[in-house]
4 protein chains.
Amino acid sequence: MEKDAERRPHTGRRRNEAARRAILDVAVDQLGRSGGGPVTVDTIAAAAGVGRQTIYRWWPSKGAMLLEALAERAAAEVPAPATGTLAGDLAAFVRATFRAAGPDGTRAALRATMAEAQRDPAARALMEEFVARRRRALRDVLVAARDEIGPDADLDLAVDQVFGVLWYRCLVGSAPLDDPVADRLAAGLVRQLRGAADG
Amino acid sequence: MEKDAERRPHTGRRRNEAARRAILDVAVDQLGRSGGGPVTVDTIAAAAGVGRQTIYRWWPSKGAMLLEALAERAAAEVPAPATGTLAGDLAAFVRATFRAAGPDGTRAALRATMAEAQRDPAARALMEEFVARRRRALRDVLVAARDEIGPDADLDLAVDQVFGVLWYRCLVGSAPLDDPVADRLAAGLVRQLRGAADG
Amino acid sequence: MEKDAERRPHTGRRRNEAARRAILDVAVDQLGRSGGGPVTVDTIAAAAGVGRQTIYRWWPSKGAMLLEALAERAAAEVPAPATGTLAGDLAAFVRATFRAAGPDGTRAALRATMAEAQRDPAARALMEEFVARRRRALRDVLVAARDEIGPDADLDLAVDQVFGVLWYRCLVGSAPLDDPVADRLAAGLVRQLRGAADG
Amino acid sequence: MEKDAERRPHTGRRRNEAARRAILDVAVDQLGRSGGGPVTVDTIAAAAGVGRQTIYRWWPSKGAMLLEALAERAAAEVPAPATGTLAGDLAAFVRATFRAAGPDGTRAALRATMAEAQRDPAARALMEEFVARRRRALRDVLVAARDEIGPDADLDLAVDQVFGVLWYRCLVGSAPLDDPVADRLAAGLVRQLRGAADG
DNA sequence: GACTAATCGAGACGGTACGTCGCGTCTTACA
DNA sequence: TGTAAGACGCGACGTACCGTCTCGATTAGTC
């Protein structure tokens, strides 16, 4: 990945899209590889064969860049919503979401990015937005099956239970985020949401 | 708080407990007050009337010290378990837990500490331990009401849903962690756990 | 001197000569002003309107930087050698040398720098070089008048008597380093050097 | 040397002379051995099997203690004055003085101590006194042979030429301080001092 | 023979300076 | 003009030493 920089030509006065790609790729790569250690702008720029200024030209801060790198990665793995029943759609969504956070590389990147978002306001804003987008996707799944859900059900809470478990297990401990867990969680939430109707 | 240092006597060759207290108190105080901004060892040491070295003598890093400060604070607010039914005990626990993370001061401290734990391995280890202690407390509540719970229920997953929602709402967004939310979450989990029996 | 920093522009990827000048000037200034007290890198950097790292980027240690500052100052006051007799040239050189160490500012700087050179190997090497340069200058004066000097004369010893008296009086006590002393020393050495011929 | 401390008994409410000796011996030893590196109070105390406070109880500062250690060492090697002629007495004194500074151990100690005296006022005062004592000894040698010396001779300057060469060669460079040099220096000064009469 | 007083080894403490690391800005030289 | 390179101001970090303080043990004189 580092060697590619030598062959990438300048593009003059237009923004060099290849450089942007290299930066984001290297960023995710290093975030994953670092295992909790610090990822510096210097390292990323060097590995991407890019000047540090090129990073600051396009992102307001290190955290913002990292977050965009992460968001791209996550967006690429967005599961196409679903087809039919609440139980099936929800399970599919949770499975896909958990899987996307599965590889140790991505998980480490998630951890580092969340940490960054706690310090850097720009990163924080992007994290809010990123998270909101994911929440909306899940909420849509629930809303689509509104007839299976009790009227008093707290959809936001259910959404947060999914992402809460996801982030919690990413950030601390080493509990699994695999398909069985996803299925149990989805099943539990279905019961919870249904029940709220006749509660 | 800063002025007390002048009156705090040395304790000779024994560790000065008053200094330890001052450091931890100031740490929590500044974590809360900072609102996400950086809390420096220098500031803490100065406010505690302590040399920087005194901090590094007893903690391997800044993060470890912050984590201990937080753990002490949280432990102090441990809700006494409960009395009787699963629904009642669980709701009480979740309410108390959410309340402990409620004041903006503590919430900011939680955020900063979790971020620190993602970088500093020593802090990470302490965070694992801290989190494990809290998880065990909640698990005990569930186990105590085992007869109300289906045999296939995933207790760990239930526990993680509680703390997941807690941390998720602390770290991103500004969704509330108040009593109604706690009650709804507890009720939902009771339904999940019961349902696993007849599911 | 401190305010200039605000107007000093960056020089890009080339070394900023203005910053170097500011550092060295402030260093000599503070060495002289301090009167033996400690001169810190922090203070120098602040007064020069420079980051601490900029000092460490170009000098291996504080001592090395101080030594270079001193060497520049001393080199600027190099006495132009002379013209004619041994007695006249030598007296002129010693006078000029003593004068250069005369102002209390410079004398304090000499003391501090010599002290630094005893601890910091990098500073020590620079001090050796600085001292060697001065010794060579004086030796040239003697060699130029070789016909007045006995063949057995120990020129190095004569040189060391001059600089020995200089440093000795700088470092300890408060004996003067004025023109009369310089003249007496020069005259005495002339007698020593001549005498070696007929000794 | 380090192990002796275990066998050294307390002396109750009287000062422990053995501890004092151990401190001074270790100090000189480490000064010599360090070769310019830093000698810390901690190291000395540990090697002497002594608490740091025991050092500060008896000396006002590190420098003062080092200087006393050095002074003791030097005083022990004071040459017995002399016998008769200026040339003989002076040569004997210079030889003995140079010899005392000869061993690399002592020379390193001299260097470190002089450096310390430039920073620590207490050490400086002791250094002044130490130096004054040695100067007086040499001056006495000259005064004893006053009839061989011209009336206008600057005795203080002659004395400073001896100690100047000594210190200069100790502090910088590696020029020798052996008997031939001592003899040449003594001879030169005799000529200088005599000459002042008929100059 | 107990009591008091002072010293001793040990080591924690409040400070100050050090030298390193990383961030984000700025300038140069090149393409 | 956009870019790689890299110096710069800033400021936090963790370390090293200094000189002070308190402890508990030990011993020498005093009552």
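One residue is enough: does the range A:115-137 have a residue meeting the conditions away from DNA strand E (no atom under 15 Å from the Cβ), in contact with a helix residue (DSSP H, G or I) (Cβ under 9 Å, 6 or more places away or on another chain) and over 23 Å from residue B:174 (Cα atoms)? Checking the range A:115-137: not a single residue is away from DNA strand E (no atom under 15 Å from the Cβ), in contact with a helix residue (DSSP H, G or I) (Cβ under 9 Å, 6 or more places away or on another chain) and over 23 Å from residue B:174 (Cα atoms). With the condition kept exactly as written, say whether any residue in the range D:70-93 is out of contact with any Pro (no Cβ under 6 Å at 6 or more places or on another chain), within 16 Å of DNA strand F (Cβ to nearest atom) and not basic (Lys, Arg). Checking the range D:70-93: at least one residue is out of contact with any Pro (no Cβ under 6 Å at 6 or more places or on another chain), within 16 Å of DNA strand F (Cβ to nearest atom) and not basic (Lys, Arg).
In this structure, does residue B:112 turn out to be under 13 Å from the mean Cα position of the chain (by Cα) and more than 13 Å from chain A (Cβ to nearest Cβ)?
For residue B:112, the condition - under 13 Å from the mean Cα position of the chain (by Cα) and more than 13 Å from chain A (Cβ to nearest Cβ) - is not met.
Of the residues B:124, B:169, B:99, the single one that is at the interface with another protein chain (Cβ under 9 Å from one of its Cβ atoms) and either touching a Pro at 6+ places or on another chain (Cβ under 9 Å) or not in a helix (DSSP H, G or I) (or both) is B:169. Screening residue D:113 with (1) within 12 Å of DNA strand F (Cβ to nearest atom); (2) assigned by TED's automatic domain parsing to the domain that holds residue D:191; (3) under 15 Å from residue C:118 (Cβ atoms); (4) in contact (Cβ under 8 Å) with a residue 60 or more places away in the chain gives one miss only, at (1).
Being within 23 Å of residue D:176 (Cβ to Cβ) and either assigned by TED's automatic domain parsing to the domain that holds residue C:100 or among the aromatic types (Phe, Trp, Tyr) (or both) is the requirement here; does residue C:144 meet it? So residue C:144 does not fit the description; no. Number of residues in the range C:9-43 that are within 8 Å of DNA strand E (Cβ to nearest atom) and part of a helix (DSSP H, G or I): the value is 3.
Restricting the range D:66-87 to residues that are over 22 Å from residue D:102 (Cα atoms) and out of contact with any helix residue (DSSP H, G or I) (no Cβ under 6 Å at 6 or more places or on another chain), the residue that is modelled with the lowest pLDDT is D:83. Looking only at residues in the range C:50-72 that are part of a loop (DSSP other than H, G, I, E, B) and either in contact (Cβ under 8 Å) with a residue 12 or more places away in the chain or in contact with an Asp or Glu (Cβ under 7 Å, 6 or more places away or on another chain) (or both), the one that is farthest from DNA strand E (Cβ to nearest atom) is C:50. So how many residues does the range D:32-45 have that are at pLDDT 90 or above and either at positive phi or within 14 Å of chain C (Cβ to nearest Cβ) (or both)? Total satisfying the criteria: 2. Being within 30 Å of residue A:189 (Cβ to Cβ), crowded, with 16+ Cβ neighbours inside 10 Å and more than 16 Å from DNA strand E (Cβ to nearest atom) is a property that holds for residue A:106.
When D:139, D:135 are checked against the criterion of being part of a helix (DSSP H, G or I) and facing chain C (nearest Cβ under 9 Å), a single residue qualifies: D:135. Cβ-Cβ contacts under 6 Å between residues 6 or more apart (or on different chains), taken from a first residue in the range B:176-192 that is touching a residue at least 60 places away in the same chain (Cβ under 8 Å) and within 15 Å of residue B:166 (Cβ to Cβ) to a second residue that is small (Gly, Ala, Ser) and in a helix (DSSP H, G or I), are listed as B:183/B:91; B:186/B:91; B:189/B:158. One residue stands out in the range A:172-185 among those that are more than 7 Å from chain B (Cβ to nearest Cβ) and not in a helix (DSSP H, G or I): the one that is farthest from residue B:130 (Cα to Cα), namely A:178. Every test in (1) at the interface with chain B (Cβ under 9 Å from one of its Cβ atoms); (2) under 22 Å from residue A:115 (Cβ atoms); (3) touching a helix residue (DSSP H, G or I) at 6+ places or on another chain (Cβ under 8 Å) is passed by residue A:188 save one, and that test is (2). Within this structure, residue A:86 passes the test of being farther than 19 Å from residue B:116 by Cα and hydrophobic (A, V, I, L, M, F, W, C). Of all residues being under 21 Å from residue B:71 (Cα atoms) and touching a Lys or Arg at 6+ places or on another chain (Cβ under 9 Å) in the range B:142-161, which is nearest to the other protein chains (Cβ to nearest Cβ)? Just the residue, please. Going through the qualifying residues, I end up with B:160.
The values are calculated or read from the model by the stated rules, or taken from the named source; none is laboratory data. Note that the structure is predicted; figures quoted are calculated from it, not measured. For neighbour counting, all protein chains shown are included, and Cβ atoms are generated from backbone atoms with ideal geometry for every residue, glycine included.
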